[in-house]
1. Taking square-rooted eigenvalues a ≥ b ≥ c of the alpha carbon gyration tensor, is the range 3-79 rounded, prolate or oblate, where a/c under 1.5 means rounded and, failing that, a/b exceeding b/c means prolate?
2. Quick one: the Cα spread of the range 92-188 along its three principal axes, in angstroms, biggest first?
3. Distance in nm between label sites at residue 184 and residue 24, each 7 Å beyond Cα in the beta-carbon direction?
4. Antiparallel DSSP bridges in the chain: what percent, to the nearest 5?
5. Once label points are set 7 Å from the Cα along Cα→Cβ at both residue 50 and residue 176, what is their separation, rounded to one decimal in nm?
6. Write down the Kirkwood hydrodynamic radius of the chain, to one decimal in angstroms, obtained as one divided by the mean of 1/r over all alpha carbon pairs.
7. Could you tell me the distance between the Cα centroids of the range 164-193 and the range 18-47, to the nearest Å?
8. Determine, from the Cβ-Cβ distance of residue 62 and residue 86 and an R0 of 30 Å, the FRET efficiency 1/(1 + (r/R0)^6), rounded to the nearest 0.05.
């Protein structure tokens with residue numbers, strides 16, 4: 001098995017180890033380096049967690065776990081951040097981020113989003129959304145439901161686009177050092193015939 005620890009609770013995240021894992025095709029993992037009972041070092045009562053290695057095994061067997069490790073289907077969760085491949089983190093994000101109640105009006109589109117996890121989602125507006133306005137930075141806290149409004153460049157006029165994309169990065173989901181996960185939500189404005 002080829003794996004490298006990219007996060008250790010004693011010394012934190014190692015961008016260098018993360019780069020090596022990508023460069024040399026290694027699975028990534030975390031460690032606590034704990035020499036005391038964990039409750040003495042981690043404030044579980046206030047929502048803190050120890051670093052965790054997530055293994056995306058297809059079955060609950062040791063063979064399936066080994067196969068996932070050999071094929072680098074691992075991610076690391078530490079200090080409300082996830083580290084892993086774009087494919088894995090994209091799937092995790094899509095399972096956590098629920099969109100509902102999309103409402104179209106001539107001057108805006110609103111959508112309700114729910115964070116279905118215990119990890120906050122830290123979103124930042126990304127390139128490709130220059131013709132629409134929505135919050136540049138937003139955090140959707142664990143199990144929070146919030147409404148996002150999207151406007152055209154002049155919020156007093158119709159959006160004026162037949163279709164557009166809300167592009168953003170997930171700042172606490174790193175697919176490589178300093179490289180957040182990118183996501184996009186596409187919208188098609190209804191025709192007023």
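Since every read-out is calculated from the coordinates, none of them should be taken as a lab result. Owing to the predicted nature of the structure, the values given are computational and were not obtained by experimental measurement. Backbone-built Cβ (ideal geometry, glycine too); neighbour counts: all protein chains shown.
1. Since a/c reaches 1.5 but b/c is at least a/b, the shape of the range 3-79 is classed as oblate.
2. 38, 26, 19
3. The two pseudo-label positions are separated by 3.5 nm.
4. 85
5. Here the modelled spin labels are 3.2 nm apart.
6. Final number for the Kirkwood radius of the chain is 18.7 Å.
7. 29
8. It comes to 0.60.
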